[in-house]
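Some notes on the structure that comes next.
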Amino acid sequence: MENQTTLIIKNIYQPKEAMVEDIIVESPTIKTFVLKVKDNFEFKTGQFVELTLPGVGEAPFTPSSDPNIKDKIEITIMNVGRITSLLHKLSKNDILGIRGPYGRGYPLDKFMGKDILIVGGGVGLAPLRSLLFALFSEIDKYHKVVLRYGARTPNDMIYKKSLLEWAKMKKVDVVTTVDVGDATWKGNVGLVTTILKDLPIDLKKAVAVVCGPPIMMKFVTLKLLDLGFLPKDIYLSMEKNMSCGLGKCGHCRIGKFYVCRDGPVFTYEELKDIPDIWD
Amino acid sequence: MEIYYINSFQLDIFLKSLKKDYKIFSPKAIRKDSSLPDYHYNYLNEDNPLIFNPYRCREPLKSFFSPAFEKLADYFNSEKINYTEEKIIVLGVKNCDLIAHKVQDFVFLAAQEIDPLYKLRRENIILISSDCTDFKEVCHCLAWEILPYPKEGFDLNLSPLNEGYLVEVGSVKGRELIQRASEYFVPAKEVQISSRQVKRKNLEERLRKHVLVQNLVSKDIVQKLVKEGYNLDTWQEFMLTCVECGGCNFICDTCHCFLLMDKKEESKNSRFRVWDSCQYANFARVAGGANPLKTRAKRLRNRFLKKFDFFVENLGMPACCGCGRCIEVCPGKIDIREVLKDLAKKLEKL
C-alpha cells in the first residue's frame with residue numbers, strides 16, 4: 001500500500017539468545033548461571049544486563065564474571081522474586097534472552113594507584129567478584145585490594161573457595177564475617193561494619209566500593225564516612241526497578257538520575273542530597 | 001516560515017484528496033450536557049466532517065506515537081526488525097500538545113538509544129495544529145508561559161480567519177503537503193496576518209485573566225517548591241482521595257512510563273509495551289519486596305518530583321503543559337494546580 005512505509009532499524013527491546021552452559025550452586029538460595037551468548041557479549045565491570053526468561057519477563061542483574069572473558073558471561077542470582085524463582089528452576093542447555101549491557105560501571109581509571117576497599121553483603125558480592133577479576137587482571141595498576149565480606153550465616157556465603165584463594169594473593173587482603181555463626185564456623189561473627197576497623201589502607205589514597213542490601217549499604221556508608229572517607233570516594237551500586245535499561249520506562253528514578261542510565265554505580269557524593277535513597 | 005490563506009471549502013477538498021495516502025484524524029465534538037463539548041480524535045469521513053476544535057482534544061497526543069499497548073518484538077530472531085507503519089495526519093493539535101511532545105521526544109529520541117517505533121511514527125505522522133480560540137476551566141498553559149497558539153513543533157498550523165484559515169508552514173513535511181494543491185493556498189496578506197495577531201492576543205488576554213485570578217504557581221519556583229516541600233503533609237492530604245486508577249498518568253501528554261510485558265504466543269515469544277502509572281503500588285517495587293514508593297503519598301510526590309524536578313534538571317523544562325487533562329480525569333478531584341498552591345502556601349509560612 002502506498003500509505004505505508006517500512007523502516008529497518010535496530011530494535012532496542014529485542015533480547016539476544018543465550019544458552020545456560022552450566023549452573024553452579026553457591027548457597028541454598030543462590031546460583032551462578034554460566035551463559036554462552038549468541039554473538040559475543042561484552043560488558044564493563046559494574047554494568048548490568050536484562051535477563052529474559054522467554055515468554056515470561058525480564059529482570060536486571062549485574063554479571064559476576066571477569067569482563068575480560070568475552071565468550072561467556074556469569075550471573076549470580078538469588079531466588080527472591082517471580083523471575084528469579086523461575087530462573088532457579090532452569091537446567092543446562094535451557095535458553096534465555098539477554099539485553100545490554102546498560103549503565104555506568106566502576107570507573108577503574110579512578111582506582112589506579114589506590115587502595116581499594118571493597119565491602120560486600122550477601123549476594124552483593126556477585127557484582128564485586130566481577131570487579132575483583134577486573135582488578136586482579138591488572139593488579140600492578142592498583143596499590144592494594146582490601147575485601148570485607150559479610151553474609152547472614154556461613155551457609156549464605158557465596159564464592160567460598162574463591163574467598164580462600166583471593167586471601168592468599170599478593171596485594172589482596174580478605175576478611176569475612178557472618179551475622180550468625182554455626183557449629184562449623186570459626187571466623188568472625190557480627191555485621192560487616194564490625195570488620196571495618198583497623199583497615200590496612202591509607203585513607204589519603206583510598207576508595208571504597210560497596211554492594212549489598214540497602215540497609216547494609218546505608219550503615220557501611222555511614223561507617224566509611226566516620227572513618228574519614230570522602231563522599232566522592234565511596235562507590236555504591238544502587239538497586240532499583242530497572243526495567244527497560246534505556247532511560248525510557250521511568251521505573252528507576254532517584255532524584256535527577258535514572259539508575260539504569262546514570263548508574264547503577266554512583267558515588268555517595270552524587271546521591272547524598274537525595275532523600276530516602278536507601279528505601 | 002511562509003503563511004497562506006485557504007478557504008474552508010477548499011481545505012475540505014484538499015483534506016479529502018489526502019485521504020488516499022493518509023489516515024486522517026480530526027476532532028469530533030461530544031456534548032454531554034449544556035456545558036462545553038469535549039473533542040475526541042476520530043477518522044475524518046462523511047460521518048465526521050472537518051470541524052474546528054477551539055481547545056485541545058481529550059486524548060493526549062502521545063497516543064499516536066506510543067499507544068497504550070503494542071508489540072515491540074518477537075524473539076528470538078534477528079536484531080533488526082521490519083516495521084510497517086501507516087502515514088497519518090492529526091488535525092486539531094494545540095500548542096500544549098506540541099510543548100508536551102518535547103518531553104516525549106526527549107524520552108524516546110534523545111536518550112542514548114532511539115526507540116524504533118517512536119522514531120518511525122515521528123517521521124510518518126503529520127501534525128496539523130491550530131490556534132486556540134477558547135479554553136476550558138482547567139486550561140492553565142499561560143501559568144507555565146506556554147501560549148495558546150503554537151510557534152513551532154507543527155508541520156502546518158491553522159488559524160481561523162473569516163471564511164477560512166491562515167496556514168502557517170512549520171516544516172518541510174508541511175510544505176510538501178500543501179504543494180500537492182498549491183493552487184488552493186494563496187500567500188497571506190499583511191492585513192490577514194495582523195488580524196490573526198489580534199485574535200491571538202484577544203484570546204491570550206482572556207485566558208490570562210482566567211489564570212491570574214487563580215494565583216497559580218510559576219515556572220521559575222516550581223522546582224524549588226516540590227523539592228523543599230518534600231516533607232510537607234500536602235502529599236498525605238491530597239492522596240486521601242486517590243483511588244490509584246492511574247488516569248492522571250495515562251491522560252498526561254508528558255507522562256511516558258511503561259512496562260515491558262512478555263508473552264508466549266504459540267511457538268514464539270513476544271514483548272509488549274504497556275503504559276504504566278507511578279500511582280500504582282508496585283511501580284517501583286524490586287524483587288525481594290523493597291518498595292521505595294510504598295505509600296500513596298510517596299507516589300503522589302513522585303509524580304510531582306518527576307514533572308517538576310527530574311525534567312527541569314534533565315530537559316530544562318517542567319513536564320507539565322497546563323492542559324488540565326489530569327484535573328478532568330481524576331475521580332478523586334486531585335487538582336495539580338491546588339497541590340502546587342498548597343506547597344507554596346505552606347512553605348511561605350515556614
Subject >> Distance between segment B:292-323 and segment A:62-79 - C-alpha centres, whole angstrom >> reply: 35
Original post:
Ordered by packing density, taken as the mean number of other Cβ atoms within 10 Å over each peptide's residues, highest first, how do A:114-122, A:60-68 rank?
Top reply: A:114-122, A:60-68
Original post:
Taking N as the number of residues in segment A:108-237, what is its alpha-carbon radius of gyration divided by 2.2 N^0.38 Å?
Top reply: 0.98
Original post:
Once a ≥ b ≥ c are taken as the square roots of the eigenvalues of the Cα gyration tensor of chain B, is the result rounded (a/c under 1.5), prolate (a/b larger than b/c) or oblate (a/b not larger than b/c)?
Top reply: oblate
Original post:
For segment B:222-349, what percent of Cα pairs sit more than 20 Å apart?
Top reply: 49
Original post:
Hey, in the GNM for chain A with a 10 angstrom Cα cutoff, which one of A:181, A:81, A:190 fluctuates hardest?
Top reply: A:81
Original post:
Cα-Cα pairs above 30 Å in chain A: how many percent?
Top reply: 30
**OP:** Compute all pairwise cysteine Cβ distances in chain A, then list the cysteines with no distance under 4.7 Å to another cysteine.
**Re:** A:211, A:252, A:260
Original post:
What is the average number of partner chain Cβ atoms found within 10 Å of a Cβ in B:113-120?
Top reply: 5
**OP:** Return, in residue-number order, each cysteine of chain B whose C-beta is not under 4.7 Å from any other cysteine's C-beta.
**Re:** B:57, B:132, B:139, B:141, B:242, B:245, B:257, B:278, B:320, B:330
Subject >> Shielding of B:282-295 by partner chains, average beta-carbon count, 10 Å >> reply: 6
Original post:
Once the dipole of chain B is set up with Lys and Arg at +1 and Asp and Glu at -1 on Cβ about the Cα centre, which of B:311, B:327, B:234 lies farthest towards its positive end?
Top reply: B:234
**OP:** Within segment A:203-236, find all residues whose amide N lies under 17 Å from a label point positioned 7 Å from the Cα of residue A:152 along Cα-to-beta-carbon.
**Re:** A:212-217
Subject >> Shielding by partners - mean other protein chain Cβ count within 10 Å, residues of A:239-246 >> reply: 5
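Of the beta bridges DSSP finds with both residues in the protein assembly as shown, what % are antiparallel, to the nearest 5?
65
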Original post:
What residue among A:174, A:220, A:80 has the largest mean-square fluctuation in a Gaussian network model of chain A, using Cα springs under 10 Å?
Top reply: A:80
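At most 14 other Cβ atoms within 10 Å and a DSSP loop assignment: could you name the GluC sites (Glu not before Pro) in segment B:113-195 that fit?
Taking segment B:113-195 and a limit of 14 other Cβ atoms within 10 Å, the loop GluC sites (Glu not before Pro) found are B:137, B:145, B:152, B:163.
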Original post:
Rounded, prolate or oblate: which fits segment B:286-350 when a ≥ b ≥ c are the square roots of the eigenvalues of the alpha-carbon gyration tensor, with rounded for a/c under 1.5 and prolate only if a/b beats b/c?
Top reply: rounded
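What is the fewest-to-most order of A:238, A:112, B:317 by other Cβ atoms lying within 10 Å of their Cβ?
With the sparsest Cβ surroundings first, the list reads A:112, B:317, A:238.
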Subject >> the protein assembly as shown: Rg to Rh, with Rh as the Kirkwood radius over Cα pairs >> reply: 1.04
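Pairs of alpha-carbon atoms within less than 8 angstrom and 6+ residues apart define the contacts here; what relative contact order does segment B:222-349 have, in percent?
Worked out over segment B:222-349, it gives 35 percent.
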Subject >> Low-density loop positions, chymotrypsin sites (Phe, Trp or Tyr not before Pro), segment A:110-209 - DSSP coil, at most 16 other Cβ in 10 Å >> reply: A:185
Subject >> Ranked A:184, B:234, A:221, criterion: other C-beta atoms within 10 Å, fewest first >> reply: A:184, A:221, B:234
Original post:
What list do you get for B:186, B:90 if you sort them by fewest beta carbons within 10 Å?
Top reply: B:186, B:90
**OP:** Would you work out if segment A:16-102 is rounded, prolate or oblate? Take a ≥ b ≥ c from the square roots of the eigenvalues of the alpha-carbon gyration tensor; rounded if a/c is under 1.5, else prolate when a/b is larger than b/c, oblate otherwise.
**Re:** rounded
Subject >> Given charges at beta-carbon only (K, R positive; D, E negative), |dipole| of segment B:71-209 in Debye >> reply: 380
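Only the coordinates and a few stated rules stand behind these numbers; no lab work does. This structure is a prediction, so every number in the text was calculated from the model and none was measured. Quick reminder, even Gly has a Cβ in these numbers, built from the backbone with ideal geometry, and neighbours come from all protein chains shown.
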